[in-house]
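Before any comments, here is the structure.
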């Protein structure tokens, strides 16, 4: 199924292909905890940026591998390239206009990323 999403102001629009039942991670690391990001990691081919590339700004921290992209207008981060799956896209489930029928939220201990990060490897691979 194809889901539409956007930042808060609508300047950044995207689509993501995912199932009607999805598993997402709720991470307790500093940035995810503060922003309330729910991680839906998909293969890059399942993500399409429709508009707003010129409205995105990038933020990197720690190892600099993750590419956090925020709307310059409203400040919302609707998606980013995750450190755990740099070949995919991590979409904030909360930024989708409609939600999958079944959402399983799994706690992820990102405060201890070095120990737990490998559990996320391969989430961006096609099923």
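The values are calculated or read from the model by the stated rules, or taken from the named source; none is laboratory data. The structure presented is a predicted model; accordingly, all values stated were derived computationally and were not measured. Every residue, glycine as well, gets a Cβ built from its backbone with ideal geometry; the counts of neighbours run over all protein chains shown.
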Item to check | Qualifying position, being closer than 16 Å to residue 23 by Cβ and in contact (Cβ under 8 Å) with a residue 12 or more places away in the chain, among 104, 77, 97 | outcome: 104
Checklist entry - In the range 107-117, which residues are out of contact with any strand residue (DSSP E or B) (no Cβ under 7 Å at 6 or more places or on another chain) and free of Cβ contacts under 8 Å to residues at least 24 places away in the same chain? => result 112, 114, 115
Item to check | Residues (assigned to a strand (DSSP E or B) and surrounded by fewer than 12 Cβ atoms within 10 Å (Cβ to Cβ)) located in the range 86-105 | outcome: 102, 104
Checklist entry - Mind checking which residues of the range 50-68 are in contact (Cβ under 8 Å) with a residue 24 or more places away in the chain, assigned to a strand (DSSP E or B) and either within 12 Å of the chain's Cα centre (by Cα) or more than 11 Å from residue 11 (Cα to Cα) (or both)? => result 68
Next on the checklist: Being surrounded by 13 or more Cβ atoms within 10 Å (Cβ to Cβ) and either at pLDDT 95 or above or out of contact with any strand residue (DSSP E or B) (no Cβ under 8 Å at 6 or more places or on another chain) (or both): is that true of residue 56 here?
Outcome noted: yes
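Residues are listed down the side, and each one gets a yes or a no for (1) assigned to a strand (DSSP E or B); (2) closer than 13 Å to residue 93 by Cβ; (3) in contact with a strand residue (DSSP E or B) (Cβ under 8 Å, 6 or more places away or on another chain); (4) in contact (Cβ under 8 Å) with a residue 24 or more places away in the chain:
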site	(1), (2), (3), (4)
5	yes, yes, yes, yes
10	no, no, no, no
25	yes, yes, yes, yes
32	no, yes, yes, yes
39	yes, yes, yes, yes
42	yes, yes, yes, yes
Next on the checklist: Looking at (1) in a loop (DSSP other than H, G, I, E, B); (2) more than 13 Å from the chain's Cα centre (by Cα); (3) in contact (Cβ under 8 Å) with a residue 24 or more places away in the chain, which one does residue 83 not meet, given that it meets all the others?
Outcome noted: (2)
